Amino acid sequence: PAALVLFGSLAGLVLFLFEVNASYRLAENSAKANLRGVTAQVSQVIEYLYRSSDSESQIQALVSRLGSYQDYLSAIIFSENNTVIQSNDYRQIGNAMRDTRAFKYQSEFLKIRQALAGVILKADNGDRLIALYPVLLKSGKYEIKPSRVAILFVEYDLSGINKKSFASAFKRAIGSSIVLVFFCLLFCLNFKSTLSKRFQKQFAAIIDLVEG
């Protein structure tokens, strides 16, 4: 019986780890899709506003609002020279990239400017998603196409959804483990009852044989 209960408990633990891993992946993929959609749309709106006149206040309000959304840690626009021209944290405006958390993604900036395509990255410690999207600035006086490309940098916090995913997986795994242990106990009791009846029959047959 103890071995069966132990087996049920271990199986429950394996199931729990599987549930947690699956929940994390599902939540992360959902967060990536959400971040990709929002950042792509916002970058297009900002690009349009930069080509319009007297739009700085609108861009500032948009970036500030984006950085204040739930689970959004920061939103920054870097100029073609990699200085902060807009940020939800006004204190960062005018800073060089090296003075921000975007500095470690400096190599990605060049790739994005060349490909003119956004990317979603995962931070090294796995607690954040990073969105980097190009923003074409207004064309120069003699330019047919814009040559200056800004970068929209957005940080998305994963810790909140990871906690929710863990709690959800824990509830599902606990329920499954209880059912599994219950069936193991039921099997054990049924096996014991069957074994006891078989032993009684064998014992009765031996008594009959002895008594002739």
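The values are calculated or read from the model by the stated rules, or taken from the named source; none is laboratory data. No experiment lies behind these values; they were computed from the predicted model shown. Virtual Cβ from ideal backbone geometry, glycine too; neighbours counted across all protein chains shown. Note: accessible area is taken over every heavy atom of the protein model, side chains too, but ligands, DNA and RNA are not part of it. Shrake-Rupley method; radii C 1.70, N 1.55, O 1.52, S 1.80 Å.
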- Note on the structure: Shape call for the stretch 81-135, from the Cα gyration tensor axes a ≥ b ≥ c (a/c under 1.5 means rounded, otherwise prolate when a/b beats b/c, else oblate), comes out oblate
- Task: Using the structure shown, select from 104/141; 32/111; 32/138; 111/138 the pairs with a Cα to Cα distance greater than 26 angstrom.
- Result: 104/141; 32/138
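Mind ranking 65, 128, 51 by accessible surface for me, highest first, 1.4 Å probe? Could the numbers behind the result be given before it?
Values: 65 150, 128 30, 51 110 Å².
Reading off the accessible areas and sorting them downward yields 65, 51, 128.
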- Message: Can you give me the distance in nm between label points at residue 141 and residue 56, each placed 7 Å from the Cα along the Cα-to-Cβ direction?
- Response: 2.0
- How big is the accessible area of residue 28 in square angstrom, nearest 10, if you roll a 1.4 angstrom probe over the protein chains? 40
- Message: Expected output is a single nm value to one decimal: the length gained when fully extending between residue 119 and residue 25, i.e. 0.36 nm times separation in residues minus the C-alpha distance. What is it?
- Response: 32.0 nm
